[in-house]
Structure formats: C-alpha cells, structure tokens
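Note sheet for the following structure.
The values are calculated or read from the model by the stated rules, or taken from the named source; none is laboratory data. No experiment lies behind these values; they were computed from the predicted model shown. A quick note on method: Cβ atoms are made from the backbone with ideal geometry, for glycine too, and the neighbour counts reach across all protein chains shown.
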Amino acid sequence: MERLIIEGIQEFWYHPADGQDRRLLAYRPAILLECSINFRSLRAGLNHSEERTYSAWLPEADLAIDWDKPAVDFTTLSQLATRPDPNIAFYNGNYQTTRGEFDQYETELINKLARSERLRIFFNPVFGLFSVPGDTLEDFLPLIAEAALSRVEPELKSLRNRFELQLE
C-alpha cells in the first residue's frame with residue numbers, strides 16, 4: 001500500500017492494548033488534533049482552559065470528515081508510536097488528502113467546537129456566586145449556605161444581644 005505522506009504533518013501509528021489479536025486489526029488513516037479550549041465569561045470572571053484530543057477517520061475521495069465519531073478514544077498518547085506494528089495490516093482506501101484539506105479539517109473542528117462546546121457552571125443570583133468549573137451541585141450548595149450564614153450572622157448577633165438584655 002502506498003503511504004499517505006503530507007509535508008508538515010507528523011505521522012504516528014496507534015498501538016492497541018496488549019491482548020488484542022493484531023491479525024484482526026488494520027491500520028486506517030485518521031487525523032488527530034490536540035488543542036486547548038478556552039472558556040471565558042466576563043460576568044462570572046472566568047477564564048478556564050482544558051486540554052483535549054480529537055480524532056476522526058480520514059475521509060475517502062471527496063467525502064466530508066466526521067468529527068462526531070472519534071476514530072480512536074485515547075486513554076493516553078503513549079499508545080502512539082513512530083513506526084507501525086508489523087503484525088497489523090493496512091486498510092486500502094482512496095485517500096486523496098492534501099495539506100490544504102488538513103487545514104480545512106482543522107477549521108471544521110474549530111467551528112464545531114465553537115458551536116457546541118459549553119462549560120457548565122452553577123450561579124446563585126441571590127448572592128451573586130458562581131461555581132468552579134467541574135463542581136457538582138452538591139459541591140456548590142455548601143458555598144451558598146456559608147454565604148447565607150455570613151449575611152444573616154450579624155443580624156442574629158444583634159437580635160440575640162437585644163433579647164438577652166430583655167431576658168435579664
């Protein structure tokens with residue numbers, strides 16, 4: 001099989017986990033993008049970044065790339081190697097990809113992420129509090145309870161002092 005080599009694009013080979021029968025597998029070209037997604041909100045005073053990895057099968061002929069179905073779900077990038085496993089065959093296909101198409105695939109992924117990716121945080125309008133990215137509602141509720149107590153505590157002290165004087 002003729003290898004797909006494109007100037008300026010690094011080539012890596014996926015090595016499956018131990019125990020898989022390599023005779024049943026075949027190498028197929030895919031695109032892998034590592035990126036940093038930045039979520040910003042002026043209202044929440046938030047600037048949060050996440051490192052992510054996306055993969056998709058390289059389309060054959062003039063078909064569109066499908067970023068919705070990952071080619072491979074990586075547990076770690078250590079599953080990538082610079083040389084193919086000699087026990088794994090190659091999938092034959094009509095791959096006519098150029099450097100310009102790789103740039104287009106990247107742009108398509110960026111547009112998809114801009115439309116679909118959202119960071120979920122919680123907000124309490126009474127106290128104007130926002131949760132931290134990754135917090136669950138159960139993590140956020142004690143923060144609200146603490147804010148409520150700190151707001152009510154001075155008034156409670158005042159009332160306690162007044163009633164203690166009346167009781168005396």
(request) Just give me the residues in segment 41-95 being free of Cβ contacts under 8 Å to residues at least 60 places away in the same chain and touching a Pro at 6+ places or on another chain (Cβ under 6 Å), in sequence order. (result) 55, 58, 65
(message) Considering only residues that are touching a residue at least 40 places away in the same chain (Cβ under 8 Å) and either in contact with a strand residue (DSSP E or B) (Cβ under 6 Å, 6 or more places away or on another chain) or part of a loop (DSSP other than H, G, I, E, B) (or both), which ones fall in segment 20-31?
(response) 25, 26, 27, 28, 29, 30, 31
(message) over 30 Å from residue 129 (Cα atoms), outside the structural domain of residue 130 (by TED's automatic domain parsing), out of contact with any Gly (no Cβ under 7 Å at 6 or more places or on another chain) and at pLDDT below 85: which single residue out of 53, 75 fits that description?
(response) 75
(request) Identify the single condition in (1) in the same structural domain as residue 18 (by TED's automatic domain parsing); (2) part of a helix (DSSP H, G or I); (3) at pLDDT 90 or above; (4) farther than 21 Å from residue 41 by Cα that residue 68 does not satisfy, given that it satisfies every other one. (result) (2)
(message) Being within 13 Å of residue 31 (Cβ to Cβ), of a type in the set (Ser, Thr, Tyr) and under 26 Å from the mean Cα position of the chain (by Cα) is the requirement here; does residue 107 meet it?
(response) yes
(message) If I ask for residues that are among the aromatic types (Phe, Trp, Tyr), surrounded by 15 or more Cβ atoms within 10 Å (Cβ to Cβ) and in contact with a Phe, Trp or Tyr (Cβ under 7 Å, 6 or more places away or on another chain), which ones from segment 63-103 would you list?
(response) 67
(request) Considering each of 58, 46, 109 in turn, give the residue that is at pLDDT 85 or above, surrounded by 14 or more Cβ atoms within 10 Å (Cβ to Cβ), out of contact with any Lys or Arg (no Cβ under 8 Å at 6 or more places or on another chain) and not acidic (Asp, Glu). (result) 109
(request) Give the residues of segment 135-168 that are in contact with a strand residue (DSSP E or B) (Cβ under 9 Å, 6 or more places away or on another chain) and under 21 Å from residue 40 (Cβ atoms), sorted by residue number. (result) 140
